[in-house]
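The values are calculated or read from the model by the stated rules, or taken from the named source; none is laboratory data. Nothing here was measured: the structure is a model prediction, and the numbers come from that model. Every residue, glycine as well, gets a Cβ built from its backbone with ideal geometry; the counts of neighbours run over all protein chains shown. With ligands, DNA and RNA removed, areas are computed over all heavy atoms of the protein, side chains included. Shrake-Rupley method; radii C 1.70, N 1.55, O 1.52, S 1.80 Å.
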2 protein chains.
Amino acid sequence: MTTHTTAGLWRHPESQATRYDELEFWIDRARTLERYGFDGLFIADSFGVPDVYHGSAEQAVREGLQVPSTDPSLMISAMAAATKRLGFGITFPTTATLPYDIARKLSTLDQLSGGRIGWNIVTGLSSNAVRALGTGGELDHDERYDRADEFLEVAYRLWEDCWDDDAVLLDRVNGDYADPERVRPISFEGDHFRVHGIHMSAPTPQRTPLLLQAGSSERGREFAARHAEVVFASAPTPTILRRTVDDLRRRASLHGRDPRSLKVLSILTVVTGLDDAAAQERYEHYRSYASAEGNLARFAATVGIDIGVLDFDEPLEYSQAPGIRTILENFTRADPHRVWTPREIADHMAVSSFGPLLVGGPEHVADEIERWSREADIDGFNLVDVVPGRSFEEFGDYVLPELARRGVWERPVSGTWRSQLFGSGHDRLSDDHPGSPRHRRMRDT
Amino acid sequence: MTTHTTAGLWRHPESQATRYDELEFWIDRARTLERYGFDGLFIADSFGVPDVYHGSAEQAVREGLQVPSTDPSLMISAMAAATKRLGFGITFPTTATLPYDIARKLSTLDQLSGGRIGWNIVTGLSSNAVRALGTGGELDHDERYDRADEFLEVAYRLWEDCWDDDAVLLDRVNGDYADPERVRPISFEGDHFRVHGIHMSAPTPQRTPLLLQAGSSERGREFAARHAEVVFASAPTPTILRRTVDDLRRRASLHGRDPRSLKVLSILTVVTGLDDAAAQERYEHYRSYASAEGNLARFAATVGIDIGVLDFDEPLEYSQAPGIRTILENFTRADPHRVWTPREIADHMAVSSFGPLLVGGPEHVADEIERWSREADIDGFNLVDVVPGRSFEEFGDYVLPELARRGVWERPVSGTWRSQLFGSGHDRLSDDHPGSPRHRRMRDT
């Protein structure tokens with residue numbers, strides 16, 4: 001995804017970011033992650049190009065922000081063929097797509113990969129994506145989530161209800177490929193979708209792919225608490241993150257789910273090395289490649305305000321843009337009332353973008369990872385590949401052995417992605433998940 | 001695709017058809033085809049399940065007709081990574097999809113494969129696909145083609161106009177990933193689509209993928225003559241096919257295209273072996289696995305008439321179903337007025353489905369291929385993989401060496417798929433193609 005997360009760092013001599021369009025690059029990424037023992041590879045995706053900064057896409061094009069890029073779903077089979085155990089998290093939006101099609105795509109990938117697929121459920125599209133696709137802008141924020149709820153309801157039925165586990169017979173003597181008695185069409189008439197037919201895939205190892213989500217709004221957290229098995233979250237300190245995590249687990253309980261069945265991962269950028277000094281040196285080196293304008297273009301697209309027209313050293317006036325406040329709060333570790341200038345924002349985003357940053361040798365990073373896990377009550381981390389070809393390798397070389405030595409991390413075992421996270425035998429949605437057949441039968445009676 | 005083309009033959013002991021959901025099967029298919037020197041692998045695709053026969057999908061499910069199946073587009077990268085030269089033809093419909101999304105998908109695959117992607121443009125959906133997707137049934141036959149024309153117009157602009165060839169700079173010193181002056185958004189407002197934005201892919205080896213099409217109606221042939229570079233056609237005899245080919249080339253000329261720039265491929269099923277007797281024996285063996293009911297279910301879905309309710313040995317009455325007549329004409333080699341019973345239809349479809357069939361040793365098959373090429377004025381054949389794991393291999397072992405010996409076939413060279421078919425250097429749309437920038441500039445001025 002070129003420099004999706006780290007404006008300017010594609011220029012680092014060790015960065016492989018510009019190879020985003022080569023199959024060999026992705027195959028190498030996947031093999032490397034599997035070798036080190038990472039759980040999975042999550043590839044972000046988005047349509048359209050950030051075009052708020054100076055009211056145009058110019059900065060995005062100049063710096064390779066989100067564009068040019070590829071469709072990640074189409075790279076998975078090559079990576080799956082080159083690995084045995086690694087999970088793959090991919091994004092499909094529930095806007096401007098159809099559940100029958102997306103359900104088939106996810107089943108195909110789950111089947112071909114042996115049950116190693118996670119779906120990052122994105123409900124909305126940016127305004128530039130809406131203009132490019134020519135659809136998807138009809139719904140407001142909450143309606144988008146209503147549509148997503150219905151999208152999931154259709155998808156659950158296709159994945160879980162259509163085909164019995166023993167429906168495929170391959171009976172060559174009687175000529176029965178499958179038993180029609182054990183295959184049922186679904187019949188759904190909702191506010192957003194009408195779907196009448198048979199799911200095109202036979203049951204895949206996970207049936208419903210592992211469900212990932214990153215919604216942070218009130219409605220987004222409610223959606224995540226209902227559907228997600230893995231939630232991506234971000235906050236500047238463990239204490240602030242803890243509030244989100246507690247709220248997510250509380251909401252999951254209200255939906256009848258085991259609150260521990262929600263795995264919360266914090267976004268995290270790590271710059272490490274042999275020791276603290278080496279890590280700090282490397283961090284300064286990375287910093288020197290960061291692009292202030294590129295990061296402000298990303299920030300502008302996120303908050304929807306063209307801060308390109310402002311003086312770089314003039315403090316932002318929040319009254320002009322209430323939304324900016326919340327996002328800036330995610331930057332501050334100490335003072336939520338601090339006033340920021342555009343230059344300070346760019347500076348803060350230099351290496352770690354919106355998420356927290358750890359710089360240090362293996363012991364410092366491991367200490368901090370333990371502290372975050374404990375204080376925020378989270379289950380893991382979504383590491384940012386700041387310098388592709390280097391960042392994951394650094395973490396694997398220096399930090400993972402230290403975490404293993406402390407007994408707080410061990411190499412994942414083989415199996416479906418869900419069973420790797422929830423334990424052997426847990427290939428399918430658990431019974432307390434709203435998408436499980438058992439849960440939906442109870443609800444509907 | 002399980003038994004998409006050959007009902008019942010999945011039961012043949014040598015058939016690998018049931019491995020359609022294994023990556024290793026597809027990777028092996030691709031490697032095998034490349035090794036023999038086939039031009040490309042075309043994978044058909046469709047949404048929904050045939051459900052006309054006896055008014056239900058029961059027969060389709062029982063015999064694995066189109067279902068269960070996978071989304072072929074998601075298997076390409078694994079096959080591309082395992083091969084160097086083979087082309088890949090994949091299907092995306094222009095109904096129930098958005099051009100901005102499909103254009104990105106095709107660019108992604110063209111990029112990752114090094115320019116080896118062909119797009120089989122399908123304009124319509126079956127009625128059961130419309131019910132399953134919940135959309136796409138709003139347009140009648142001709143409107144579908146109008147939408148497809150507009151879809152292509154948008155796609156050409158995205159592929160050909162957005163990014164100059166030299167737009168991507170990767171200038172690490174100045175920090176310029178790309179030059180915004182050489183990247184332009186498109187702005188399109190049509191009857192079916194509104195698209196405002198930048199194509200997300202930088203120029204790929206072919207830019208516009210090789211365009212494949214199979215429309216056989218009047219409007220379909222007009223569409224193919226305008227857009228297609230490769231046309232799939234089918235007729236029972238070379239003489240009948242010749243009429244279609246002449247019409248296609250004549251229409252292409254009217255669009256200002258070189259009529260030879262339209263490569264017409266005939267669907268063809270070949271059963272061969274060491275000599276005629278071996279081939280005949282193999283054919284009888286294949287026949288013994290054919291399913292009459294499965295083929296009638298496929299036939300019923302194609303003509304939209306439930307012939308499951310008819311007596312198997314009662315001649316069809318065409319007056320009930322005018323559409324059936326045209327399709328039955330495609331069966332007859334001699335007498336267009338022949339009256340068919342359902343059993344005779346099933347019998348005729350046993351091994352070769354709707355297309356022509358050649359059974360014989362290498363010399364007989366090569367003779368017939370030469371005759372078809374000459375009499376029908378076609379450029380090649382789209383071979384049916386009747387018994388996956390066996391049929392392509394038989395053709396490669398017995399027929400290709402004979403064709404090479406006669407000097408009518410040679411191994412394709414490396415390069416983009418388009419250049420393999422149209423000659424070295426022809427990576428992009430030719431200037432006389434309606435999608436080429438030159439042609440559109442002339443049209444619009």
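Can you tell me which residue in the stretch A:254-275 is farthest from the chain's Cα centre (by Cα), limited to those that are free of Cβ contacts under 8 Å to residues at least 40 places away in the same chain and open to solvent by 50 Å² or more (accessible area, probe 1.4 Å)?
Initially, the stretch A:254-275 is screened for residues free of Cβ contacts under 8 Å to residues at least 40 places away in the same chain, giving A:254, A:259-260, A:262.
Okay, now just the ones that are also open to solvent by 50 Å² or more (accessible area, probe 1.4 Å), so A:254, A:260.
Values: A:254: 24, A:260: 19 Å.
If we take residues in the stretch A:254-275 being free of Cβ contacts under 8 Å to residues at least 40 places away in the same chain and open to solvent by 50 Å² or more (accessible area, probe 1.4 Å), then A:254 is farthest from the chain's Cα centre (by Cα).
Just to verify a result, which residue in the stretch A:282-301, among those that are part of a loop (DSSP other than H, G, I, E, B) and not aromatic (Phe, Trp, Tyr), is surrounded by the fewest Cβ atoms within 10 Å (Cβ to Cβ)? It would help to see each step written out before you state the result.
Going residue by residue through the stretch A:282-301, those that are part of a loop (DSSP other than H, G, I, E, B) are A:288-291.
Now drop any that are not not aromatic (Phe, Trp, Tyr), which leaves A:288, A:290-291.
Working: A:288: 12, A:290: 22, A:291: 25.
Among residues in the stretch A:282-301 that are part of a loop (DSSP other than H, G, I, E, B) and not aromatic (Phe, Trp, Tyr), the one surrounded by the fewest Cβ atoms within 10 Å (Cβ to Cβ) is A:288.
Residue-by-condition table, conditions (1) open to solvent by 10 Å² or more (accessible area, probe 1.4 Å); (2) of a type in the set (Ser, Thr, Tyr):
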site	(1), (2)
A:5	yes, yes
A:10	no, no
A:17	no, no
A:26	yes, no
A:30	no, no
A:33	no, no
A:38	yes, no
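Within the stretch B:251-265, track down each residue that is closer than 22 Å to residue B:40 by Cβ and either in contact with a helix residue (DSSP H, G or I) (Cβ under 7 Å, 6 or more places away or on another chain) or polar (S, T, N, Q) (or both). Write out each step before concluding.
First pass over the stretch B:251-265, keeping only residues closer than 22 Å to residue B:40 by Cβ: B:252, B:257-258, B:260-265.
Result: B:252, B:261, B:262, B:263, B:264.
Take the residues of the stretch B:76-98 that are facing chain A (nearest Cβ under 7 Å) and among the small types (Gly, Ala, Ser): which is farthest from the chain's Cα centre (by Cα)?
B:81
Against the conditions (1) within 12 Å of chain B (Cβ to nearest Cβ); (2) in contact (Cβ under 8 Å) with a residue 12 or more places away in the chain; (3) open to solvent by 60 Å² or more (accessible area, probe 1.4 Å), where does residue A:216 fall short? Just the number, please.
Result: residue A:216 fails condition (1) only.
Taking the stretch A:143-156 as the region of interest, how many residues are open to solvent by 50 Å² or more (accessible area, probe 1.4 Å) and either within 12 Å of chain B (Cβ to nearest Cβ) or touching an Asp or Glu at 6+ places or on another chain (Cβ under 9 Å) (or both)?
Selection size over the stretch A:143-156: 1.
Applying the selection to the stretch A:20-50, what residues are in a helix (DSSP H, G or I) and within 14 Å of residue A:386 (Cα to Cα)? Working first, answer last.
Initial filter on the stretch A:20-50 (in a helix (DSSP H, G or I)): A:23-36.
Within the stretch A:20-50, just A:29 meets the criteria.
For the stretch B:115-135, what are the residues that are among the small types (Gly, Ala, Ser) and more than 9 Å from every other protein chain (Cβ to nearest Cβ)? Walk me through it before giving the result.
Just the residues of the stretch B:115-135 that are among the small types (Gly, Ala, Ser), to begin with: B:115, B:118, B:124, B:126-127, B:129, B:132, B:134.
Correct list: B:115, B:118, B:124, B:126, B:127.
Could you check how many residues of the stretch B:115-135 are open to solvent by less than 30 Å² (accessible area, probe 1.4 Å) and within 21 Å of residue B:46 (Cβ to Cβ)? I'd like the intermediate steps shown before the answer.
We begin by selecting, within the stretch B:115-135, every residue open to solvent by less than 30 Å² (accessible area, probe 1.4 Å); these are B:115-121, B:123-124, B:128-129, B:132-134.
Add one more test, that the residue is within 21 Å of residue B:46 (Cβ to Cβ), and what stays is B:117-121, B:123-124, B:128-129, B:132-134.
Residues meeting the conditions: 12.
Considering the stretch B:265-281 alone, what residues qualify as being in contact with a Phe, Trp or Tyr (Cβ under 6 Å, 6 or more places away or on another chain), assigned to a strand (DSSP E or B) and of a type in the set (Val, Ile, Thr)? Write out each step before concluding.
Step one: of the stretch B:265-281, the residues in contact with a Phe, Trp or Tyr (Cβ under 6 Å, 6 or more places away or on another chain) are B:265-266, B:268, B:270-272.
Pick out the ones that are also assigned to a strand (DSSP E or B) and you get B:265-266, B:268, B:270-271.
B:270, B:271 - these are the residues of the stretch B:265-281 that are in contact with a Phe, Trp or Tyr (Cβ under 6 Å, 6 or more places away or on another chain), assigned to a strand (DSSP E or B) and of a type in the set (Val, Ile, Thr).
Quick one: which of B:205, B:209 is buried (at least 22 other Cβ atoms within 10 Å of the Cβ) and more than 9 Å from chain A (Cβ to nearest Cβ)?
Numbers: B:205 fails: buried (at least 22 other Cβ atoms within 10 Å of the Cβ).
The conditions single out B:209.
Is it true that some residue in the stretch B:81-97 is β-branched (Val, Ile, Thr), closer than 18 Å to residue B:416 by Cα and in a loop (DSSP other than H, G, I, E, B)? Full working, then the answer.
As a first pass, look at the stretch B:81-97 and keep what is β-branched (Val, Ile, Thr): B:83, B:90-91, B:94-95, B:97.
With the extra rule that they be closer than 18 Å to residue B:416 by Cα, the set shrinks to B:83, B:90.
Restricting the remaining residues to those that are in a loop (DSSP other than H, G, I, E, B) gives B:83.
The answer is yes; a qualifying residue exists.
Scan the stretch A:56-80 residue by residue and report those that are among the charged types (D, E, K, R) and either open to solvent by 10 Å² or more (accessible area, probe 1.4 Å) or not in a loop (DSSP other than H, G, I, E, B) (or both).
If the condition is that a residue be among the charged types (D, E, K, R) and either open to solvent by 10 Å² or more (accessible area, probe 1.4 Å) or not in a loop (DSSP other than H, G, I, E, B) (or both), then A:58, A:62, A:63 are the ones that fit.
Answer yes or no as to whether residue B:316 is surrounded by 20 or more Cβ atoms within 10 Å (Cβ to Cβ), out of contact with any helix residue (DSSP H, G or I) (no Cβ under 9 Å at 6 or more places or on another chain) and either of a type outside the set (Val, Ile, Thr) or in contact (Cβ under 8 Å) with a residue 40 or more places away in the chain (or both). Step through it out loud before you land on a result.
On the way: surrounded by 20 or more Cβ atoms within 10 Å (Cβ to Cβ): yes; out of contact with any helix residue (DSSP H, G or I) (no Cβ under 9 Å at 6 or more places or on another chain): no; either of a type outside the set (Val, Ile, Thr) or in contact (Cβ under 8 Å) with a residue 40 or more places away in the chain (or both): yes.
The answer is no for residue B:316.
If I ask for residues that are small (Gly, Ala, Ser) and at pLDDT 95 or above, which ones from the stretch B:97-131 would you list?
Narrowing the stretch B:97-131 to residues small (Gly, Ala, Ser): B:103, B:107, B:113-115, B:118, B:124, B:126-127, B:129.
Matches in the stretch B:97-131: B:103, B:107, B:113, B:114, B:115, B:118.
Anything in the stretch A:222-248 that is in a helix (DSSP H, G or I), touching a strand residue (DSSP E or B) at 6+ places or on another chain (Cβ under 7 Å) and open to solvent by 10 Å² or more (accessible area, probe 1.4 Å)? List them, or say none.
Selection gives A:244 alone.
Helices (runs of 4 or more DSSP H) wholly in the stretch B:328-433 with at least 2 residues that are buried (at least 20 other Cβ atoms within 10 Å of the Cβ) - which ones? Give the steps one after another, and end with the answer.
On the way: elements: B:342-349, B:362-376, B:391-394, B:400-405, B:417-422.
Ranges flagged: B:342-349, B:362-376, B:391-394, B:417-422.
What do you reckon, is residue A:307 among the β-branched types (Val, Ile, Thr) and closer than 28 Å to residue A:64 by Cβ? Explain how you work it out, then say what you get.
Numbers: among the β-branched types (Val, Ile, Thr): yes; closer than 28 Å to residue A:64 by Cβ: yes.
When the stated conditions are applied, residue A:307 passes them.
Tell me the residue from B:106, B:112 that is crowded, with 24+ Cβ neighbours inside 10 Å, at the interface with chain A (Cβ under 10 Å from one of its Cβ atoms), in contact with a strand residue (DSSP E or B) (Cβ under 8 Å, 6 or more places away or on another chain) and part of a helix (DSSP H, G or I), please. Working first, answer last.
Values: B:112 fails: in contact with a strand residue (DSSP E or B) (Cβ under 8 Å, 6 or more places away or on another chain).
Checking each option against the conditions leaves just B:106.
What are the residues in the stretch B:63-75 that are in contact (Cβ under 8 Å) with a residue 40 or more places away in the chain, under 19 Å from the mean Cα position of the chain (by Cα) and within 7 Å of another protein chain (Cβ to nearest Cβ), if any? It would help to see each step written out before you state the result.
The first filter runs over the stretch B:63-75 and keeps only residues in contact (Cβ under 8 Å) with a residue 40 or more places away in the chain, leaving B:63-70, B:72, B:75.
After this cut, where a residue has to be under 19 Å from the mean Cα position of the chain (by Cα) as well, the list is B:65-67, B:69-70, B:72, B:75.
Of everything in the stretch B:63-75, those that are in contact (Cβ under 8 Å) with a residue 40 or more places away in the chain, under 19 Å from the mean Cα position of the chain (by Cα) and within 7 Å of another protein chain (Cβ to nearest Cβ) turn out to be B:67, B:69, B:70, B:75.
Does any residue in the stretch A:153-176 that is at positive phi come within less than 8 Å, Cβ to Cβ, of a residue that is among the basic types (Lys, Arg) and outside any loop (DSSP other than H, G, I, E, B) six or more places away or on a different chain, and which pairs are these?
These pairs meet every condition: A:175/B:11; A:175/B:62.
Report yes if some residue within the stretch B:172-184 is surrounded by fewer than 21 Cβ atoms within 10 Å (Cβ to Cβ), at the interface with chain A (Cβ under 9 Å from one of its Cβ atoms) and of a type in the set (A, V, I, L, M, F, W, C); otherwise report no.
yes
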